[in-house]
Amino acid sequence: MLRQAALSPRIGRCFLSYVRTTALPPRIKYAPSSAPTRHWSNIPFITMPLIRSHGKPFAHRSELKHAKRIVVKLGSAVVTRGDECGLALGRLASIVEQVSVLQNQGREMMIVTSGAVAFGKQRLRHEILLSQSVRQALHSGQNQLKDMQVPVLEARACAAAGQSGLMALYEAMFTQYSICAAQILVTNLDFHDEQKRRNLNGTLHELLRMNIVPIINTNDAVVPPPEPNSDLQGVISIKDNDSLAARLAVEMKADLIIVLSDVEGLFDSPPGSDDAKLIDIFYPGDQQSVTFGTKSRVGMGGMEAKVKAALWALQGGTSVVIANGTHPKISGHVITDIVEGKKVGTFFSEVKPAGPTVEQQAEMARSGGRNLAALQPEQRAEIIFRLADLLTDHRDEILSANKKDMEEAEEKGRLASPLLKRLSLSTAKLNSLAIGLRQIAASSQDSVGRVIRRTKVAKDLELEQVTVPIGVLLVIFESRPDCLPQVSALAIASGNGLLLKGGKEATNSNQTLYRLTQEALALHGVKDAVQLVNTREEVEDLCRLNKLIDLIIPRGSSQLVRDIQKAAKGIPVMGHSEGICHVYVDSEASVEKVTRIVRDSKCEYPAACNALETLLIHRDVLRTPLFDQIIDMLRVEQVKIHAGPKFASYLTFSPSEVKSLRTEYGDLECCIEVVDSVQDAIEHIHKYGSSHTEAIITENEKTAEYFLQHVDSACVFWNSSTRFSDGYRFGLGAEVGISTSRIHARGPVGLEGLLTTKWLLRGENHVVSDFSEQGSMKYLHENIPVPQRHIS
């Protein structure tokens with residue numbers, strides 16, 4: 001049975017109202033193969049901005065943003081309430097909003113929905129209870145009302161009673177977004193009648209052409225039993241709404257089906273079991289690796305039915321994602337997230353990647369890191385020394401790869417000048433890298449397993465606190481290929497597993513440096529410990545791997561760091577979002593020192609996070625030769641000056657007033673502001689700074705010490721350039737980043753910042769009850785000298 005939807009006068013007005021508010025060019029017209037095509041020559045139809053010829057399904061999630069025609073299948077568990085009687089209105093409203101957003105982007109959206117039975121059950125229960133209460137009140141009195149029982153309701157009757165209400169609800173919700181919806185009811189037999197199939201196809205194409213969202217459901221009021229084994233001949237039988245969605249998607253040449261259920265996606269074993277793992281990407285032929293559980297708590301299908309329908313649709317050229325549509329924290333954006341290519345649910349793909357998934361890489365890094373930590377310190381040092389030698393031995397190969405990256409970046413013109421400088425490698429940089437790595441190797445001899453505290457808790461009961469690796473580190477870095485060997489060396493020295501995610505702009509450089517790192521790790525058979533992520537994983541998706549990653553360290557722009565801090569789901573992030581560094585020129589500053597330190601802090605490498613951004617000047621320095629020398633030097637270096645509010649008030653003609661005192665310029669620009677005292681300078685730093693690096697220039701030791709003690713930043717200097725805030729310059733060999741956090745490591749983070757501790761207790765049949773008031777043992781808590789040894 002097939003009910004075609006026509007434009008009623010009200011729907012027509014709604015549609016025309018939407019067209020008038022949407023300034024888009026004419027839309028491509030379809031010519032369905034059914035009876036006479038209806039032409040709307042007087043209506044400016046909307047053009048589909050997403051042009052894709054239907055053929056093979058998408059190979060990668062990132063391609064889903066190109067999906068033009070999308071089917072959203074809503075399972076019974078998504079649409080209905082937990083009591084299976086009535087609709088989950090909040091979820092339904094959210095789904096309608098997301099579908100409307102995508103429809104208004106110019107996509108063609110279709111919905112295959114459940115819910116008629118649940119809605120009808122709610123209505124019939126209400127009517128039956130009302131009828132029984134009236135009859136019993138008339139004949140039996142009020143005392144028997146509590147004994148009323150609702151009879152078992154037949155599903156077909158519920159569907160008949162609920163279908164109109166369900167559709168009315170959809171229409172009311174879509175009207176809020178100036179979008180019209182149309183209802184189509186089908187049964188399995190409609191797909192076995194060629195004429196009905198053509199009619200259905202033509203109707204759907206016409207509705208999509210008119211920017212109307214078709215809402216399709218099986219006509220459960222008259223639904224016949226499924227055709228036996230019909231899907232074995234290539235025509236999937238309509239046994240449930242999963243198979244209906246797959247059949248419609250293939251018939252309509254849809255690009256994507258989003259199947260929403262009450263589970264996160266497809267698991268390798270029934271969800272809720274101890275070892276169940278969510279499958280990120282599912283490939284045809286992987287069914288043998290999956291153990292299916294029972295069917296859904298409501299509706300006709302289960303996960304096995306969904307997978308079968310998904311694979312059938314995939315074979316027909318339509319991509320599929322199965323995801324959770326009931327979780328309150330994600331259901332409000334699950335559909336749009338999927339279309340944006342985010343890592344949500346299980347994505348079905350015919351293209352199996354050559355390498356491991358990022359989850360597998362994280363597990364390999366975990367296992368490899370543990371093997372790395374079990375090596376002797378001398379063995380870890382040998383690996384790092386070997387890597388340092390490889391950097392110099394393969395200098396030409398590295399520089400050749402980097403040259404390709406530089407040429408591509410300059411040709412595309414996407415990188416700003418500071419980022420191009422970070423991308424560039426040179427012989428001098430590689431030599432410095434090698435020196436730094438050798439420093440790390442030397443310092444790693446006494447890192448993992450170092451005893452930092454020993455306590456004699458009681459007789460024959462000794463406690464030790466020892467250093468251990470944090471676990472698996474995820475380091476995300478932009479434009480800086482030299483970061484790869486630095487961070488790898490620190491991870492090796494500290495026994496941590498490492499996931500590296502570099503920017504696309506440094507692909508050739510990173511691949512070459514990673515290959516050399518793997519060669520060094522092979523020296524002691526621990527190549528798995530360091531992994532370079534080459535898949536199309538987005539940073540936000542990586543930040544969701546909270547069960548596999550222990551610490552995220554971002555190396556890049558302040559925007560990158562902020563994005564990672566926002567995206568991290570339960571994983572600590574170590575780093576700094578901004579490097580708003582200050583230099584304070586005191587009234588007793590040395591003329592010779594000021595210009596040298598300010599020039600070095602601002603001009604030596606303005607793109608660095610430790611570069612000067614705000615220059616604070618004591619008011620007594622204004623209108624002095626020292627002040628003139630500072631300004632002249634900045635002009636010679638072509639530094640653009642912005643005036644702070646107080647500085648601007650002192651001048652008749654001043655530079656442009658700064659828009660914000662919390663600005664990290666990252667270029668040859670800086671702000672100058674006037675302060676009245678060292679206390680005033682400290683207050684300014686605390687109010688507008690980012691707790692990165694601050695410096696004072698003064699000859700007054702008392703003032704300097706006051707500044708050093710009272711400024712609450714990770715690095716505070718006296719008569720020194722802010723550019724010294726660096727792991728290599730601190731003698732750490734290298735750094736994984738600079739942290740402005742107040743927990744764990746702070747400032748340049750080297751080897752020590754990648755270690756945590758664990759406690760080792762050695763006893764002789766000790767139990768806590770022996771230490772009670774009536775017990776025979778007493779706590780001693782005596783400190784024991786720390787031996788210079790390692791644990792294996």
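Computed quantities for the displayed model
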| quantity | calculated |
| --- | --- |
| Table column - 3J(HN,Hα) (Hz), region 262-272, Karplus curve with 6.51, -1.76, 1.60, x for Gly and Pro | 9, 10, 5, x, 8, 9, 6, 8, x, x, x |
| Rough spin-label spacing in nm, given labels placed 7 Å along Cα→Cβ, for residue 378 and residue 329 | 4.9 |
| Largest-first ordering by accessible area, 1.4 Å probe, given options 205, 524, 333 | 333, 524, 205 |
| Cα-based radius of gyration of region 684-792 once divided by 2.2 N^0.38 Å, which approximates compact folds | 1.71 |
| Solvent accessible area, Å² - residue 389, 1.4 Å probe, full protein context | 60 |
| Carbon and sulfur %, accessible surface of region 725-784 computed with the full protein complex present, 1.4 Å | 49 |
| Cross-link table 277/569; 73/504; 277/501; 421/501; 527/566, entries beyond 25 Å C-alpha to C-alpha | 73/504; 527/566 |
| Under 5 Å, built H, 5+ apart or other chain: amide partners of residue 75 | 260 |
| Residue 181 long-range amide H proximity, modeled H, under 5 Å | 213 |
| Accessible-area composition of region 640-688, carbon plus sulfur, in percent [1.4 Å probe] | 50 |
| Integer Hz, Karplus 6.51/-1.76/1.60 couplings in order for region 514-531, x for Gly and Pro | 5, 4, 5, 5, 4, 4, 5, 5, 5, 4, 10, x, 10, 4, 5, 5, 10, 10 |
| Most to least accessible of 192, 60 (protein chains only, probe 1.4 Å) | 192, 60 |
| Computed over region 433-487, Kirkwood Rh from alpha-carbon pairs, angstrom | 14.5 |
| Chain lengthening between residue 767 and residue 465 when straightened (0.36 nm per residue, less Cα-Cα) | 106.7 nm |
| Accessible heavy-atom area order of 624, 517, highest first, probe of 1.4 Å | 624, 517 |
| Extension gain, residue 392 back to residue 701 (0.36 nm per residue minus Cα-Cα distance, nm) | 106.8 nm |
| Solvent accessible area, Å² - residue 718, 1.4 Å probe, full protein context | 80 |
| Accessible area of region 441-565 belonging to carbon and sulfur atoms, whole % at 1.4 Å probe | 44 |
| Distance between region 725-792 and region 395-428 - C-alpha centres, whole angstrom | 42 |
| Cα principal axis extents for region 327-486, largest first, Å | 68, 53, 31 |
| Segment residue 431-residue 588, extension gain: residue separation times 0.36 nm, minus the distance between their alpha carbons | 52.5 nm |
| Label-to-label distance, nm, for residues given as residue 604 and residue 304 (7 Å Cα→Cβ offset) | 6.9 |
| Residue 562 - accessible surface, heavy atoms, 1.4 Å probe, Å² rounded to 10 | 90 |
| Spacing of the two label points (7 Å from each Cα toward its C-beta) at residue 566 and residue 546, in nm | 1.8 |
| Alpha carbon centroid spacing (whole Å) that separates region 610-637 from region 469-494 | 38 |
| Per-pair calculated FRET efficiency, R0 = 45 Å: residue 679 and residue 759 via Cβ, rounded to 0.05 | 0.55 |
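The values are calculated or read from the model by the stated rules, or taken from the named source; none is laboratory data. Not measured: the values here are computed from a predicted model. FYI the Cβ positions are ideal-geometry reconstructions off the backbone, even for glycines, and counts take in every protein chain you see. Quick note on the areas: whole protein, heavy atoms, side chains included, nothing else; ligands and nucleic acids left out. Shrake-Rupley method; radii C 1.70, N 1.55, O 1.52, S 1.80 Å.
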